[in-house]
Amino acid sequence: MARVIVVTSGKGGVGKTTTSASISTGLALRGFKTAVIDFDVGLRNLDLIMGCERRVVYDLINVVNGEANLNQALIKDKHCDNLFVLPASQTRDKDALTEEGVEKVLKDLTHMGFEYVVCDSPAGIERGAVMALTFADDAFIVTNPEVSSVRDSDRILGILQSKSRRAIEGREPVKEHLLVSRYSPKRVEDGEMLSYKDVQELLRIPLIGVIPESDDVLQASNQGTPAIHLKDSDVATAYQDVVARFLEEERPLRFVNYEKPGLLKRLFGGK
């Protein structure tokens, strides 16, 4: 089977879709045939982030219901030959997703030679989120460094450890990776934000990366470009590091320390 990665969180707006787009793109750029699936039935944002919204004809629900096959529904990414997008439906109900249907999609992707399948989960614990994590081999738990986000992520961990197929069948647990997003070392220094160490201490799962808070993410979203493509940006570098660590390469942890500006910078408006 293709390795299934779910990108999940308990709270909305933490950067799951940005992360799904960048992780899948990063794997594809490394030469792995990768599919990224939007499980947020009824809303659908992944196709916007990937810049392929105008090319959507068929979606995940069409495939699950047998109304289209994967060759018809998969959209080839503009930038990576190895990357394909399977969008969610905007018009169907989340109950249209079935475990049997999702399992068939994943098996068919494996038969088509896909090595990784990234599942962009909706926030919370409703049906779409549970479907996204059911067949996971790896889980990226995306959380902002704030108490409510961390608490909700802890709830998702409980569901992952009890409702995933691996848990039900008593197999090796889903491999969990903590990704802290929208991180500001300055705000941590000022006591306005939890540190990444605080977050890891609360959730007790291995840290795979820290994504700095940046306007570049909004810029990338508006351009329909995964953030990992933004050249010379801290966000792109952070996501490249995350992909490298996932592939078991050593990378230093960057963008976590606050460097106090010098006198001249402070005098001329630096922070």
Legend entry - Meets criteria (at pLDDT below 95, surrounded by fewer than 22 Cβ atoms within 10 Å (Cβ to Cβ) and of a type outside the set (D, E, K, R)) for S195: no
Inset, instruction - Determine whether the range 2-25 contains at least one residue that is without any contact (Cβ under 8 Å) to a residue 60 or more places away in the chain, crowded, with 19+ Cβ neighbours inside 10 Å and either in a helix (DSSP H, G or I) or not small (G, A, S) (or both). - result: no
Inset, instruction - Out of the residues in the range 145-171 that are in a helix (DSSP H, G or I) and polar (S, T, N, Q), state the one that is farthest from S184 (Cα to Cα). - result: S162
Inset, instruction - Give the residue, chosen from A167, A132, that is small (G, A, S), within 22 Å of A2 (Cα to Cα) and surrounded by fewer than 22 Cβ atoms within 10 Å (Cβ to Cβ). - result: A167
Inset, instruction - Give the residues of the range 210-227 that are open to solvent by 10 Å² or more (accessible area, probe 1.4 Å) and assigned to a helix (DSSP H, G or I), sorted by residue number. - result: D216, V217, L218, Q219, S221, N222, Q223
Inset, instruction - Would you check if there is a residue in the range 202-209 being aliphatic (A, V, I, L, M) and open to solvent by 50 Å² or more (accessible area, probe 1.4 Å)? - result: yes
Inset, instruction - Please find, within the range 59-92, the residue that is surrounded by the most Cβ atoms within 10 Å (Cβ to Cβ) out of those that are of a type in the set (V, I, T) and either under 28 Å from I125 (Cβ atoms) or over 22 Å from the mean Cα position of the chain (by Cα) (or both). - result: V85
Legend entry - Scope the range 1-19; condition farther than 21 Å from R165 by Cα and among the small types (G, A, S); matching residues: G12, G13, G15
Inset, instruction - Could you tell me whether the range 93-106 includes any residue that is touching a Lys or Arg at 6+ places or on another chain (Cβ under 6 Å), in a helix (DSSP H, G or I), modelled with pLDDT under 90 and open to solvent by less than 40 Å² (accessible area, probe 1.4 Å)? - result: no
Inset, instruction - Say whether the condition of being on the phi < 0 side of the Ramachandran plot, in a strand (DSSP E or B) and β-branched (V, I, T) is met by at least one residue in the range 179-194. - result: yes
Inset, instruction - Would you check if G158 is open to solvent by less than 40 Å² (accessible area, probe 1.4 Å) and free of Cβ contacts under 8 Å to residues at least 24 places away in the same chain? - result: yes
Legend entry - the range 1-15, residues that are among the basic types (K, R) and modelled with pLDDT of 95 or more: R3
Legend entry - Within the range 30-76, helices (runs of 4 or more DSSP H) holding 1 or more residues that are farther than 16 Å from V102 by Cβ and polar (S, T, N, Q): 70-73
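The values are calculated or read from the model by the stated rules, or taken from the named source; none is laboratory data. Predicted model only: the values in this text are computed from it and were never measured. Cβ atoms come from the backbone with ideal geometry, glycine included; neighbour counts cover every protein chain shown. The area values use the complete protein model at the heavy-atom level, side chains included, leaving out ligands, DNA and RNA. Shrake-Rupley method; radii C 1.70, N 1.55, O 1.52, S 1.80 Å.
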